[in-house]
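Only one structure is covered here, and it is reproduced in the block below.
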Amino acid sequence: MADITLNVEVREQTGTGSARAVRRAGSVPGVLYGGDKDPVAISVKANEFRKALYTGKLLGHLVKLKHGKETQSVIAKAVDMHPVTDEPWHFDLYRVDAHQEIKIAVVLHFHNHELAPGIKRGGTLNVVVHELEVSCHADQIPEAINFDLTGLNIGDSIHVSDLKLPKGVTATLADDFVVASVAGTSAQASEDAAADAEVAEAAHEEAVAEAEEAEAAESEEAAKEE
């Protein structure tokens, strides 16, 4: 279900001059496209658009577009911000049916960094992709895809197949694609190498001691037989 309704006005003119006039009138210019219809220049009151944008449920979500008595489902595909004022400057809406299969990018969230032994030991989480493109019905777009880092060590990788996707949602990337990994620092790598060397040396010394004990036992047994 769409949580946001945008009341739009149709713009009769297009181009830079028209967009400037819309902004001076207190609205944000945009374009509605997709489906089997031609693109339409539209606008939304700036205060209404800002309110919808800052809910976090506009961009990449199913939205209800309203023009007069007509309504339709759309996806907010893009929002451009002014580089200085950081105000909404332009937006793109894409026509969809609520049950239409679409492809869309969904943000990835990683949780419980403090419960990952590798990170606690000084490792870092290297994120390869911050968003995952998925295929799903327009009314089933996830808010986010979450991954629990608990138990991960240095050298562990997170693949697409490790992500728990909601029912009806599939990733467009291959299952073996690495989305993130836990990497160690050079200092940590040196420390691990030194620890491995100590373990190997201890194992070698233990093996030598066991061999010497066995040889001594054999010699003592041979002496008794003589």
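If the condition is being of a type in the set (D, E, K, R) and part of a strand (DSSP E or B), then region 114-152 contributes GLU131, GLU133, ASP148. Restricted to region 14-48, and to residues there that are surrounded by fewer than 18 Cβ atoms within 10 Å (Cβ to Cβ) and of a type in the set (Ser, Thr, Tyr), the residue that is nearest to SER73 (Cα to Cα) is TYR33. Of all residues in region 153-188, those that are assigned to a loop (DSSP other than H, G, I, E, B), touching a Gly at 6+ places or on another chain (Cβ under 7 Å) and either among the charged types (D, E, K, R) or surrounded by 15 or more Cβ atoms within 10 Å (Cβ to Cβ) (or both) total 3.
Set side by side, the residues VAL134, VAL128, VAL106 differ, and just one is surrounded by 15 or more Cβ atoms within 10 Å (Cβ to Cβ), at pLDDT 95 or above and not assigned by TED's automatic domain parsing to the domain that holds ALA21, which is VAL134. Taken over region 59-71, the criterion of being touching a residue at least 60 places away in the same chain (Cβ under 8 Å) and farther than 14 Å from VAL8 by Cα is satisfied by GLY60, HIS61, LEU62. Figure legend. Inter-residue proximity from region 102-115: first residues under 14 Å from SER181 (Cα atoms) and in contact (Cβ under 8 Å) with a residue 40 or more places away in the chain, second residues assigned to a strand (DSSP E or B) and of a type in the set (D, E, K, R), beta-carbon distance below 8 Å, spacing 6+ or different chains. Indicated pairs: LEU108/GLU131. Whenever a residue of region 37-58 is part of a helix (DSSP H, G or I), its partners that are of a type in the set (A, V, I, L, M, F, W, C), lying with C-beta atoms within less than 7 angstrom and at least six residues away or across chains, give the pairs ALA46/VAL28; PHE49/VAL28; ALA52/ILE4; ALA52/LEU6; ALA52/LEU58; LEU53/VAL79. With respect to the conditions (1) in a strand (DSSP E or B); (2) closer than 29 Å to GLY168 by Cβ, ALA98 lacks only one, and its number is (1).
Which count do you get for residues in region 12-24 that are touching a helix residue (DSSP H, G or I) at 6+ places or on another chain (Cβ under 9 Å) and either assigned to a helix (DSSP H, G or I) or modelled with pLDDT of 90 or more (or both)? Qualifying residue count, region 12-24: 1. The set of residues in region 49-65 being surrounded by 13 or more Cβ atoms within 10 Å (Cβ to Cβ) and among the charged types (D, E, K, R) consists of ARG50, LYS57, LYS64. For LYS57, are the conditions met, namely being in contact with a Phe, Trp or Tyr (Cβ under 6 Å, 6 or more places away or on another chain) and under 19 Å from ALA105 (Cβ atoms)? The answer is no for LYS57.
The values are calculated or read from the model by the stated rules, or taken from the named source; none is laboratory data. Here the structure is a predicted model, which means the values were calculated and not measured. Every residue, glycine as well, gets a Cβ built from its backbone with ideal geometry; the counts of neighbours run over all protein chains shown.
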